[in-house]
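The values are calculated or read from the model by the stated rules, or taken from the named source; none is laboratory data. Fair warning: this is a prediction, and the values are worked out from it, not measured in the lab. Because the Cβ atoms are built from the backbone with ideal geometry, glycine has one as well, and the counts that use them run over all protein chains shown.
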Amino acid sequence: MKSAQKAHETYLDIQKKVPKDYIREKDLEKLLDIDLKAARSTKQNYFHYIEDTLGMEKIESKVGGKPRYYYKKPTSTQITDIIKFSELPYLQKRTLDNVNILSKNKYIENSLIKGELPKLHRVQSILKNNGIKASDSQVAKAVSTLGQLWRGDKFQNKISFDQNKKLGNTVYRLFEKLDMTNPYAREMYSIAMQEVDLAVGNKRGTFRKWKSALNKELRRLGVPIYKAAEYNDKGKVIKKAVDGFNVNEVTSIKASARNDLHTYSYFVDLTKGDINQKALARFQGQFSKTLTKVHGLLDDGKRIEAKKIIDTWNTEKVPNFKSVIEKKHGIEAANNLNLPDIKYGTKIDPKIYT
């Protein structure tokens with residue numbers, strides 16, 4: 001009884017101190033769909049953004065008990081801004097340190113100007129000379145992040161960085177040419193998944209979790225999952241590939257992210273892993289570039305030129321690729337591929353999605 005009375009007295013005492021238009025932490029959590037208590041206790045970067053935007057009051061009672069946290073009630077615009085900010089990626093200090101080193105190195109810039117991605121071992125040497133030992137994936141992360149910053153992509157971090165959209169776009173154009181056995185390509189895929197989440201209004205990591213859950217269910221059903229071969233620094237195979245299948249995005253997640261077709265990333269099928277990770281990955285890179293070219297022509301009002309490229313894609317590129325797969329993997333593998341056509345116009349047959 002005494003504890004209940006004390007709790008009530010604490011509540012009444014705190015209410016006297018709450019500033020006007022401030023709401024409880026729990027109420028703000030519901031508005032934002034964010035675990036504020038966890039964000040506050042772990043000092044998440046986006047929590048500081050919330051604190052700066054709304055203001056936070058830590059109120060304690062003279063009666064005792066735990067302190068309570070209150071925030072100014074946000075406007076609808078502030079709610080939207082906070083949610084968007086919380087979903088932006090946050091760069092760890094190590095990645096930022098690597099990026100700052102590479103951004104000042106002429107080898108990186110000159111390689112991209114020549115239309116080449118910087119060699120992994122060369123980038124590792126550059127970082128090593130600056131006292132940093134970096135793995136292949138850390139190098140890929142640094143170079144891809146450098147491309148994002150050059151493009152002007154946003155992060156939760158406050159970063160002062162000179163944009164160079166031409167170089168930034170070059171990084172991603174070169175990434176798209178690679179198959180998924182390359183660390184650069186795997187990093188690009190990870191970034192594209194984040195972009196899909198942001199574009200369709202999902203929390204960061206939703207698409208990755210969905211694919212992970214899908215693979216888990218496939219394993220439960222006894223479907224073998226493909227694992228790519230592993231290589232050492234000299235390109236020698238140290239672990240052979242494991243045969244099986246991959247969940248494949250029909251339009252390619254990278255192509256979808258680059259061409260504002262994010263929702264199409266959820267159209268998937270099962271494809272033999274060795275096809276999906278290599279030949280199909282390169283084909284989807286061509287698909288992405290073709291879409292970008294078509295969009296550019298349509299934006300310039302060049303419909304006839306755009307239609308010619310679309311017709312070439314549908315009547316030549318797609319059949320030719322199927323023929324290549326048939327020769328190497330057999331007719332069944334070729335027929336089981338779901339390859340994207342490009343449709344011109346606004347009236348699309350709904351059956352195209354089934």
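To keep it simple, each residue is scored yes or no on (1) outside the structural domain of K114 (by TED's automatic domain parsing); (2) more than 24 Å from Q284 (Cα to Cα).
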site: K128; (1), (2): no, yes
site: K133; (1), (2): no, yes
site: A140; (1), (2): no, no
site: V143; (1), (2): no, no
site: N169; (1), (2): no, no
site: A185; (1), (2): yes, no
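Among the residues here, N157 qualifies as surrounded by fewer than 19 Cβ atoms within 10 Å (Cβ to Cβ), out of contact with any Lys or Arg (no Cβ under 6 Å at 6 or more places or on another chain) and closer than 30 Å to T53 by Cα.
Pairing each residue of the range 110-126 that is outside any loop (DSSP other than H, G, I, E, B) with any residue that is among the acidic types (D, E) and modelled with pLDDT under 90, provided the two are 6+ apart or on different chains, yields C-beta distances under 7 Å for L120/D136; H121/D233. Considering only residues that are within 17 Å of the chain's Cα centre (by Cα), surrounded by 15 or more Cβ atoms within 10 Å (Cβ to Cβ) and more than 15 Å from N100 (Cα to Cα), which ones fall in the range 129-154? Passing the criteria: R151, D153. It is to be established whether one or more residues within the range 330-342 are among the β-branched types (V, I, T) and farther than 21 Å from S265 by Cβ. Within the range 330-342, one or more residues are among the β-branched types (V, I, T) and farther than 21 Å from S265 by Cβ.
Within the range 325-344, restricting attention to residues that are more than 31 Å from the chain's Cα centre (by Cα) and in a helix (DSSP H, G or I), the residue that is surrounded by the fewest Cβ atoms within 10 Å (Cβ to Cβ) is E332. Any chance the range 201-224 includes a residue that's modelled with pLDDT under 85, assigned by TED's automatic domain parsing to the domain that holds L297, of a type in the set (G, A, S) and closer than 16 Å to N182 by Cα? No, the range 201-224 has no match at all.
The set of residues in the range 297-343 that are of a type in the set (V, I, T) and either touching a helix residue (DSSP H, G or I) at 6+ places or on another chain (Cβ under 7 Å) or touching a residue at least 24 places away in the same chain (Cβ under 8 Å) (or both) comprises I309, I310, V324, I325, I342. Among the numbered conditions (1) of a type in the set (G, A, S); (2) exposed (fewer than 14 other Cβ atoms within 10 Å of the Cβ); (3) at pLDDT 90 or above, the only one that S103 does not meet is (2).
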